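Visitor: So that we are looking at the same thing, I have put the structure below in structure tokens.
Every number in this text was worked out from the coordinates using simple rules, so none of it is lab data. It should be emphasised that the depicted structure is a prediction, and the values quoted were computed from it without experimental measurement. Methodologically, a virtual Cβ is constructed for each residue, glycine included, from the backbone with ideal geometry; neighbour enumeration extends over all protein chains shown.
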């Protein structure tokens, strides 16, 4: 239990930040899943889905939800998957 007014406020603000981070992480996971499904289904909108997914990865890195190096690695993996999917069409 927090004992001071500032500690009470910290608990409140931490709860808001935790919910916001959880929401953003969920959006990121959903975007990654949709991209994976589009690659498997050889979707014609693969380029647009790729751009959206990379945008979500960059936003998550900017908000420190994932580390910038993890974001870079994820974008590289996405690009590699896109290239192989386009080559196999």
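Visitor: Go through the residues of region 6-15 one by one and say whether even a single one is part of a loop (DSSP other than H, G, I, E, B), over 16 Å from the mean Cα position of the chain (by Cα), surrounded by fewer than 11 Cβ atoms within 10 Å (Cβ to Cβ) and free of Cβ contacts under 8 Å to residues at least 60 places away in the same chain. Lay out the reasoning, then the answer.
Guide: Start the filter on region 6-15 by keeping residues that are part of a loop (DSSP other than H, G, I, E, B), which leaves none.
No, region 6-15 contains no residue that is part of a loop (DSSP other than H, G, I, E, B), over 16 Å from the mean Cα position of the chain (by Cα), surrounded by fewer than 11 Cβ atoms within 10 Å (Cβ to Cβ) and free of Cβ contacts under 8 Å to residues at least 60 places away in the same chain.
Visitor: Could you list, in sequence order, all residues of region 56-87 that are within 11 Å of the chain's Cα centre (by Cα), without any contact (Cβ under 8 Å) to a residue 12 or more places away in the chain and in a helix (DSSP H, G or I)?
Guide: 61, 62, 70
Visitor: In region 28-45, how many residues are surrounded by fewer than 18 Cβ atoms within 10 Å (Cβ to Cβ) and either closer than 14 Å to residue 81 by Cα or within 16 Å of the chain's Cα centre (by Cα) (or both)? Outline the logic, then answer.
Guide: Within region 28-45, the first condition is being surrounded by fewer than 18 Cβ atoms within 10 Å (Cβ to Cβ), and the residues that meet it are 29-30, 32-34, 36-37, 40-45.
Then keep just the ones that are either closer than 14 Å to residue 81 by Cα or within 16 Å of the chain's Cα centre (by Cα) (or both); that gives 29-30, 32-34, 36-37, 40-43.
Residues flagged as surrounded by fewer than 18 Cβ atoms within 10 Å (Cβ to Cβ) and either closer than 14 Å to residue 81 by Cα or within 16 Å of the chain's Cα centre (by Cα) (or both) within region 28-45 amount to 11.
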